[in-house]
Amino acid sequence: MKSFQFPVGQMPAIGLGTWLMEDGSATAAVKSALYSGYRHIDCAPIYMNEKDVGQAFSEVFQEGSISREDVWITSKLWCNRHRRDLVEGALKETLADLQLEYLDLYMIHWPVAFKHDIHRPESGTDLLSLEEMPLIDTWGAMEECLKSGLCKNIGVCNFSQKKLQLLLDQGTVKPAADQVECHPFFPQDDLREFCQNTGIQLVAYSPLGSPARPERMIGENDPSLFEQDQVKQLATSKGITVGQVLLAWAISRGTVAIPKSANPERQKENLAAGSIELSADEFKLVDEIAIRHRFVHGEFWVMEDGPYTLANLWDE
């Protein structure tokens, strides 16, 4: 099997997530991040802001102090474009919106498929099973995008170890990365070990526990990473923020973290976490948090008469 393209360490360890920037804030947020030193921006068409992000790229790259080659840019294939003949067109649309000639990483956003004329499914009949729309067929089209030069690497999001193994067994190109929810409440230890052993980069979304997630995703008894005494005490003792503790923990584990913030000062704090070192005891203090909780639960894919259950989505 052909290995992924980028050498170890090329993907910057902290990136800017652009989810939940549908209000027009993405242009200013991305520009602020780039001028603050970020060199990794994570995008997706379903975030409904790629044109805004593209405007930021255009303005910054034309200004000249930062070049396109300096920045790692990721985007994703939405679930209604899994059909093999639709994948390249979806990528070209994203490139047009982002005003780019190529992506550094193009990812399958979810191991979930639905009909190509459906943007957000409303019933189970809008969804397609993975028997009807096999992941390996979609992956084959992703491989073609790689060969054509439209992207430099291909990967996946929200894939379990089982689904990664399917691509390893049947694909030609190894996934460069798997982007999944990952934080001290949901450390993904088994998946992390599998990725390390197979040379797949694990990328952590919601590394701060997704405190700004939509109301529809908030449970009545959801815990908060920012209220954990051991994390708060560690932040105080080191003179840093709780967010910086969480990001330093993520990087110490060898994962890439993509926190979302449109606040310039918070962006700088998050980026500075890349140079914060945790001692073995400090790392253990965070690592031993006993709560286990997934915030991006995936229940929005479970519909009456639909093919997806939480069991077959996560393979847990």
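Cβ-Cβ distances below 7 Å connect the following pairs, each with a first residue in the stretch 87-102 that is under 24 Å from residue 113 (Cβ atoms), a second residue that is among the acidic types (Asp, Glu), and a separation of six or more residues or different chains: 88/144; 94/50; 95/101; 97/50; 98/50. Under the condition of being farther than 26 Å from residue 176 by Cβ, assigned to a helix (DSSP H, G or I) and not charged (D, E, K, R), the residues counted in the stretch 232-279 number 11. Here the stretch 5-21 is the region considered, the condition is being in contact with a helix residue (DSSP H, G or I) (Cβ under 7 Å, 6 or more places away or on another chain) and closer than 14 Å to residue 212 by Cα, and the residue that is modelled with the highest pLDDT is 18.
Going through the stretch 129-172 one residue at a time, which ones are under 20 Å from residue 11 (Cβ atoms), outside any helix (DSSP H, G or I), open to solvent by 10 Å² or more (accessible area, probe 1.4 Å) and among the aliphatic types (A, V, I, L, M)? 150, the sole residue that qualifies. Among the numbered conditions (1) out of contact with any helix residue (DSSP H, G or I) (no Cβ under 6 Å at 6 or more places or on another chain); (2) surrounded by 13 or more Cβ atoms within 10 Å (Cβ to Cβ); (3) closer than 30 Å to residue 122 by Cα, the only one that residue 255 does not meet is (3). When residue 224 is tested against (1) polar (S, T, N, Q); (2) open to solvent by 50 Å² or more (accessible area, probe 1.4 Å); (3) over 23 Å from residue 47 (Cβ atoms); (4) without any contact (Cβ under 8 Å) to a residue 24 or more places away in the chain, exactly one condition is not met: (2).
Using the structure shown, decide if residue 101 is surrounded by 19 or more Cβ atoms within 10 Å (Cβ to Cβ) and among the acidic types (Asp, Glu). If you could, list the steps in order and put the result at the bottom.
On the way: surrounded by 19 or more Cβ atoms within 10 Å (Cβ to Cβ): no; among the acidic types (Asp, Glu): yes.
For residue 101, the condition - surrounded by 19 or more Cβ atoms within 10 Å (Cβ to Cβ) and among the acidic types (Asp, Glu) - is not met.
If you take the residues of the stretch 289-299 that are in contact (Cβ under 8 Å) with a residue 24 or more places away in the chain and open to solvent by 50 Å² or more (accessible area, probe 1.4 Å), which of them is nearest to residue 256 (Cα to Cα)? Before the answer, list the steps.
Within the stretch 289-299, the first condition is being in contact (Cβ under 8 Å) with a residue 24 or more places away in the chain, and the residues that meet it are 289, 291-298.
Those still in the list that are open to solvent by 50 Å² or more (accessible area, probe 1.4 Å) too: 291-292.
Numbers: 291: 22, 292: 20 Å.
Here the answer is 292.
I'd like to know if the stretch 264-285 contains one or more residues that are small (Gly, Ala, Ser), surrounded by 15 or more Cβ atoms within 10 Å (Cβ to Cβ) and without any contact (Cβ under 8 Å) to a residue 60 or more places away in the chain. Within the stretch 264-285, one or more residues are small (Gly, Ala, Ser), surrounded by 15 or more Cβ atoms within 10 Å (Cβ to Cβ) and without any contact (Cβ under 8 Å) to a residue 60 or more places away in the chain. Among the residues making up the stretch 46-70, those that are among the aliphatic types (A, V, I, L, M) and either under 16 Å from the mean Cα position of the chain (by Cα) or in a helix (DSSP H, G or I) (or both) are 46, 48, 53, 56, 60.
Going through 76, 51, 31, 2 one at a time, which residue ends up being at pLDDT below 95, of a type in the set (Lys, Arg) and either farther than 23 Å from residue 269 by Cα or open to solvent by 40 Å² or more (accessible area, probe 1.4 Å) (or both)? Write out each step before concluding.
Working: 76 fails: at pLDDT below 95; 51 fails: at pLDDT below 95; 31 fails: at pLDDT below 95.
It is 2.
The values are calculated or read from the model by the stated rules, or taken from the named source; none is laboratory data. As the structure is a prediction and not an experimental result, all values here were calculated from the model. Every residue, glycine as well, gets a Cβ built from its backbone with ideal geometry; the counts of neighbours run over all protein chains shown. Remember, those area values only see protein heavy atoms, side chains included, never the ligands or the DNA or RNA. Shrake-Rupley method; radii C 1.70, N 1.55, O 1.52, S 1.80 Å.
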